[in-house]
Amino acid sequence: MQKQTYSKEQIIAILQECYEENLGSLTSGEYSKLRDEPSAHYIKRKFNGSWHQALKAASLPYKEAYLVQG
């Protein structure tokens, strides 16, 4: 069975939804607790290997503490 692929636009919508669901915070670890697919690793790969770039594309805040947390 082939895994589903996600466009950057779909991932951005998912990140924004999860950010709201998680009350305004979204580390990759927090994301992984909320969703199995697409995985945080998949999202990072789609955005040049960077969780920060994924959040930036979704217009979500990125705190330096995220570097430690995930």
Check your understanding: Residues in segment 46-55 that are open to solvent by 40 Å² or more (accessible area, probe 1.4 Å) and assigned to a helix (DSSP H, G or I): how many?
Key -> 3
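Considering only residues that are assigned to a helix (DSSP H, G or I) and open to solvent by 70 Å² or more (accessible area, probe 1.4 Å), which ones fall in segment 35-45? Full working, then the answer.
Of all residues in segment 35-45, those assigned to a helix (DSSP H, G or I) come to 40-45.
Within segment 35-45, His41, Arg45 meet the criteria.
Of everything in segment 37-61 that's more than 11 Å from the chain's Cα centre (by Cα) and not polar (S, T, N, Q), which residue is farthest from Ala13 (Cα to Cα)? Outline the logic, then answer.
Quick first cut of segment 37-61, residues more than 11 Å from the chain's Cα centre (by Cα) only: 48-49, 59, 61.
Remaining after also requiring not polar (S, T, N, Q): 49, 61.
Working: Gly49: 19, Pro61: 15 Å.
This residue is Gly49.
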Study note, to complete from the structure: Residue hits (segment 11-38; in contact with a helix residue (DSSP H, G or I) (Cβ under 7 Å, 6 or more places away or on another chain) and among the polar types (S, T, N, Q)) are Asn22, Thr27, Ser28, Ser32
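Take segment 5-34 and flag every residue that is of a type outside the set (Ser, Thr, Tyr) and surrounded by 16 or more Cβ atoms within 10 Å (Cβ to Cβ).
Of everything in segment 5-34, those that are of a type outside the set (Ser, Thr, Tyr) and surrounded by 16 or more Cβ atoms within 10 Å (Cβ to Cβ) turn out to be Ile11, Ile12, Ile14, Leu15, Cys18, Leu26, Glu30.
The values are calculated or read from the model by the stated rules, or taken from the named source; none is laboratory data. Predicted, not measured: the structure shown is a model, and the values here were computed from it. We place every Cβ from the backbone using ideal geometry, glycine too, and count neighbours over all the protein chains shown. Ligands, DNA and RNA are stripped out before the accessible areas are found, and what is left, the full protein with its side chains, is counted by its heavy atoms. Shrake-Rupley method; radii C 1.70, N 1.55, O 1.52, S 1.80 Å.
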